[in-house]
Amino acid sequence: MAQGPLFGAAYVFSICNVQEMLQIDSCTINTCDFFHGPFEILDKRTSLFQLISVGRSRCNDERGIRFVNQYGGERVYQLDAKELGLNDIKDSVSEYFNHLIFAPILNNVYMRALSAVTHKDYMTRRYMWKLDY
C-alpha cells in the first residue's frame, strides 16, 4: 500500500517482485483508495506492506497509518521514508527522492529477504523464458 510519489515503487514491488519472482498473490492498493473498500479486508491476520512517503501527500499516508495500526495485526510492515533519512533532504525537493530511494531497497533487499523467508527461489518462473507468449 502506498500513494503519491511512492505508488510506482509499490506497484513494481508488488507485480514484479512479489507476484512474478516469488509467485505470491499481491495487489497494490493506493492509500487514498484504501478507504473506498479495500480497508474491509484488514484484520489481525492480514499481511500488509505499507510504504510511507515524505512530501505533500504524507498526510494521506498518516491517515492510513492510524487505521492500520489500530485494526491491523502483526503481519503489518511499515517502511517510512523518514526512517530512511529522506526528511533530511530539503522539503521542497524531498518527495522527488521517494521512488529513487525505495525502488532499489524494495526490489533488492526486501525481495531477497522475502525469498529467504518463504523458501522460494526468486529466479524460478513458470512461464517467463520458457514459453512463447
Coordinate range along principal axes, alpha carbons of the stretch 72-113, Å, largest first:
34, 24, 12
How about LYS90: which lysines have a C-alpha closer than 24 Å to its C-alpha, ignoring those fewer than 8 places off in the same chain?
LYS82
Which whole-number percent is the relative contact order of the chain (Cα, under 8 Å, 6+ apart)?
31 percent
Just to confirm a number: summing +1 for Lys and Arg and -1 for Asp and Glu over residues other than GLY4 whose beta-carbon lies under 15 angstrom from that of GLY4, what do you get?
-2
Near ASN87, within a Cβ-to-Cβ distance under 15 Å, what is the net charge of the other residues, with Lys and Arg +1 and Asp and Glu -1?
-3
Listing TYR133, TYR122, TYR77 by rising number of other beta-carbon atoms within 10 angstrom, fewest first, gives TYR133, TYR77, TYR122
For the chain, compute Rh as the Kirkwood radius over C-alpha pairs and then the Stokes-Einstein diffusion coefficient at 20 °C and 1.002 mPa s; write the answer in µm²/s, rounded to an integer.
137 µm²/s
Calculate, axis by axis, the spread of Cα positions in the stretch 8-49 along the three principal axes, and write the results as whole Å, longest axis first.
28, 23, 12
Cross-link reach from LYS130 to lysines, straight Cα distance under 20 Å and at least 8 residues apart if same chain, gives LYS120
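Computed from the coordinates by the stated procedures, all read-outs in this text should not be read as laboratory data. Predicted model only: the values in this text are computed from it and were never measured. A quick note on method: Cβ atoms are made from the backbone with ideal geometry, for glycine too, and the neighbour counts reach across all protein chains shown.
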